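To start, the structure itself, in structure tokens.
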Amino acid sequence: MLGRKEVRLWLLFCFFPLLGYSSNQDLSILPSKRSTKLVCTIRGQGFIDNREYFNKIMEGETIFGFHFLPNLTLSIAQGMGLNLGLIWEKHFGDIQPWAGIRPALSIYYSDHTTTFVAGIFTEHPPTLLEPLYVAHKPFMEGGHFKLVKNKSHLSGWLNWLTLLSKKENKPETFTLHLDGAYCPEGANKSINCTIPLQLAVYHLGGQGIVVKDYTLWCGATGLALRFPDSLGGPIDGASYLLLNRYVKTIERPFQKGWAHFHTINWLMPLLGLSLSYWYAHNFSSENMGYPLYQSIRIEDHKAVYYEGIRSLLFVSIYKDWTPYPGITIQALIRPYYDFKNRLLEYSFSCKLAYALNISSTTLHHASG
């Protein structure tokens, strides 16, 4: 049982970052030949996410809490550095108030065309489609790279989730994501045209254990267009074809599937409006993508419900405010309609994100 003093300290530590003011400075400060930059930053967010879902594929839930990420960045060479900090991931309702605290360490290299990061980091999140990847945390784990040439790019992220343990009968698992976009040279400057290429892989395996190994891969490609100045704000539109397949036989109602996804987004001066249509046949991206798009429901690594055809229409209305540099308030309401089941449901979320540059110190090297 916490006393009054402990409760006050916990509340102060929890909500102090929300009052932070950011100078909005570039944190990738490169050191001179005889000095090194040490930058102290705080990033984080407070959020509430309420999903009013009552369907057989995915049940809704209400989650609110915060992520708190203090960090020290040490620039040790031209384009290279070390990040050392901690992550406090808190969902309210947990019994232990200090649960979810763990250290975070990463090393990075970056220049104009190449980026590489390994460890636990807060930059470079994947930009894959939501059916392939769910971005719900402000930090990532594993190894990341990105290659850029003109307007085209290729990035990847490998996250080793668990290691093989024969004594505990625990398999090794990892995910691999690749995200690329090709922009033809000499394209119309008034319309940005890109060809996206995306790949998501989940692998479960290991020798000498009872758990049956398998690999699931999902790929997506299509065409994306961007009209920078249209009707008071930029308009983005894209169409994708998605394919998925299980490697090795596994207890699922199907071994492969496909889907197509069409979306248009209009960022108006007052708010943003997005309209998306999803049609899938035997599609699965379990352990990677958002469950609502899939044709199966997984519990305890087993398929407990199957729905071959998924036909969904999403409408998203969102708004971002920046009351101060480095502080952003985001609000979203997202109803959707399930054509096959004649079901109308919705979700809404609100998030306060902040980034604070507390101090910058120059460490001078002693002359030899």
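What follows is calculated from the coordinates using simple rules that are stated; it is not laboratory data. Small disclaimer: the values here were computed from a predicted structure and weren't measured. Here the Cβ positions follow ideal geometry from the backbone for every residue, glycine too, while neighbour counts run over all protein chains shown.
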ask   = If R0 is 56 Å, what FRET efficiency do you get for TYR346 and LYS166 from their C-beta distance, rounded to 0.05?
value = 0.75
query = Which values of log₁₀ I(q)/I(0), to two decimal places, follow from the Debye formula for the chain at q = 0.14 Å⁻¹ with a uniform point scatterer at every Cα?
reply = -1.52
note = Output row, site GLN330, 7 Å Cα→C-beta label point, backbone N cut-off 14 Å, window the range 56-96, residues 67
query = Once fully extended, how much extra length lies between LYS212 and THR361, figured as 0.36 nm per residue of separation less the alpha-carbon to alpha-carbon distance?
reply = 48.4 nm
query = Kirkwood Rh over Cα pairs of the range 194-331 into Stokes-Einstein at 10 °C, 1.306 mPa s: D in µm²/s?
reply = 91
request  = At 7 Å along the Cα-to-beta-carbon direction for both LEU313 and VAL134, put a label point, then send me their distance in nm to one decimal.
outcome  = 2.6
note = Row for the range 131-269, column shape: gyration tensor on C-alpha, a ≥ b ≥ c, rounded if a/c < 1.5 i.e. under 1.5, prolate if a/b over b/c, else oblate; value prolate
note = Projected onto the charge dipole of the chain (unit charges on the beta-carbon of Lys, Arg, Asp and Glu, signs +1, +1, -1, -1), the Cα from TYR324, ALA104, GLN294 with the largest positive-side position is that of ALA104
task = Take TRP258, TRP157, TRP321, TRP88 and order them by how many other Cβ atoms sit within 10 Å, fewest up front.
result = TRP321, TRP258, TRP88, TRP157
remark   = Under the rule rounded for a/c under 1.5, else prolate if a/b exceeds b/c, else oblate, using alpha carbon gyration tensor axes a ≥ b ≥ c, the range 87-155 is classed as oblate
query = Cα centroids of the range 30-90 and the range 209-259: how far apart, whole angstrom?
reply = 27
key: Proxy reagent accessibility, fewest Cβ within 10 Å first, across HIS112, HIS203   = HIS112, HIS203
task = Using the structure shown, select from LYS146/LYS340; LYS256/LYS340; LYS166/LYS256 the pairs with a Cα to Cα distance greater than 28 angstrom.
result = LYS146/LYS340; LYS166/LYS256
inquiry  = Place a point 7 Å from the Cα of HIS301 along the Cα-to-Cβ direction; which residues of the range 146-180 have their backbone N under 16 Å from it?
reply    = 161-175
ask   = What dipole magnitude, in Debye to the nearest 20, does the range 4-364 give about its Cα centre under +1 on Lys/Arg Cβ and -1 on Asp/Glu Cβ?
value = 420
inquiry  = Taking 45 Å as R0, compute the FRET efficiency from the Cβ-Cβ separation of ILE63 and GLU185 and round it to 0.05.
reply    = 0.50
Length added when fully stretched, CYS40-THR127, from 0.36 nm per residue minus Cα-Cα = 28.6 nm
request  = Could you line up THR115, THR41 from fewest to most neighbouring Cβ atoms inside 10 Å?
outcome  = THR115, THR41
remark   = In nanometres, the difference between 0.36 nm per residue of separation and the alpha-carbon distance of GLN78 and LEU241 is 54.6 nm
